[in-house]
Amino acid sequence: MESTVVHGRTWPWDRVYVMGVVNVTPDSFSDGGRYYERSRAVAHGLALERGGADILDVGGESTRPGAEPVSADEEIARVVPVIEALAGAVNCAISVDTYKAEVARAACEAGATWINDVSGLSLDPGLAQVAADMDAGLVLGHIRGTPQIMQSMTDYDDCVEDVSEALIGSVQLAVASGVHLDRIVVDPAIGFGKTADQNLMLMAGSARIRRNTGRPVLVGPSRKSFIGHYTGAPVEERLPGTIAASVVSALSGADVLRVHDVAEIRQALVIVEQFRRLSGPLVPRGPSLDGRLGF
């Protein structure tokens, strides 16, 4: 079964990994800037590792619908001190959540070994060269337009197929820039230019996306607006919906879950794995190698 090796750490794709969210922003939709101060962000990252995070995703710019962009310098000032502090204190891997090449390079120099680009290289194609230069793992997401306008661009013929094709294009661009194919993970980007129903289709289609792209799939449903759409719950009360969405995604073939509530999702995954042990997997674990990339 295929594995990914990044900076000496091996990631066998035979289980579901948990990525914990560390927002170093004053305007995050999920925590309202609770961890904007460096000391609080670092303490939060340490708590997420204790809760079972395999990777910490540190972000310095909100990409919620309608969010205003920040400069690369401001983003670097937010994330680099946190990454430097965490890199010397945690055993799990560290990722930087950015679409800017300049920020990604500074973050990798500070200790990040993964880059999480929700734009799939559409907002700064130069980020792929940074990933190649720094031997980083690369998560490629899917977005139409920018966070300011993405929710007006939800017209898909077949959401899973259309998103898969866009992700294939992002993977091809990354490989052409020198990124090793086996270091790439794809993300259908729940909530980024999708309706509530489309988000559910993408979660349920995780295995299909993996088959189409030949790459492991990250799903990030945590606390997002589709949960509120169906349940009416405000963002601070969406943990039950997040757990349900995470379990559905895991059973549907997701390889990584990006979440805020790591310990709770880790406990839910224990039950998922025991279910698989007794009943067999609903979908095969690990990425298919018969994708459409043509390499």
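The values are calculated or read from the model by the stated rules, or taken from the named source; none is laboratory data. It should be emphasised that the depicted structure is a prediction, and the values quoted were computed from it without experimental measurement. Using ideal geometry, Cβ is built from the backbone for each residue, glycine included, and neighbour counts are taken over all protein chains shown.
Filtering Val70, Val80, Val42, Val58 for residues that are closer than 22 Å to Leu218 by Cα and aliphatic (A, V, I, L, M) leaves a single hit, Val58. Listed by position, the strands (runs of 3 or more DSSP E) inside segment 49-117 whose residues that are in contact with a helix residue (DSSP H, G or I) (Cβ under 9 Å, 6 or more places away or on another chain) and on the phi > 0 side of the Ramachandran plot number at least 3 form an empty set. What about Gly191, is it on the phi > 0 side of the Ramachandran plot and modelled with pLDDT of 95 or more? No: the conditions fail for Gly191. If you go through segment 5-42 and pick out every residue that is modelled with pLDDT under 95, outside any loop (DSSP other than H, G, I, E, B) and surrounded by 14 or more Cβ atoms within 10 Å (Cβ to Cβ), you end up with 4.
One residue stands out among those in segment 88-105 that are surrounded by fewer than 16 Cβ atoms within 10 Å (Cβ to Cβ) and among the small types (Gly, Ala, Ser): the one that is nearest to Tyr17 (Cα to Cα), which is Ala89. Contact annotation: residue pairs with Cβ atoms under 9 Å, 6 or more positions apart or on different chains, pairing a residue in segment 256-273 that is within 21 Å of Val139 (Cα to Cα) with a partner that is assigned to a helix (DSSP H, G or I) and hydroxyl-bearing (Ser, Thr, Tyr), are Leu257/Ser246; Leu257/Ser249; Val259/Thr242; Val259/Ser246; His260/Thr242; Asp261/Thr242; Ile265/Thr242; Ile265/Ser246. Look through Gln151, Gln129 and report the one residue that is modelled with pLDDT under 95 and not in a loop (DSSP other than H, G, I, E, B). Going through Gln151, Gln129 in turn, the sole match is Gln151. When you look at Asn199, is it under 26 Å from Ala77 (Cα atoms) and at pLDDT 95 or above, yes or no? No, not satisfied.
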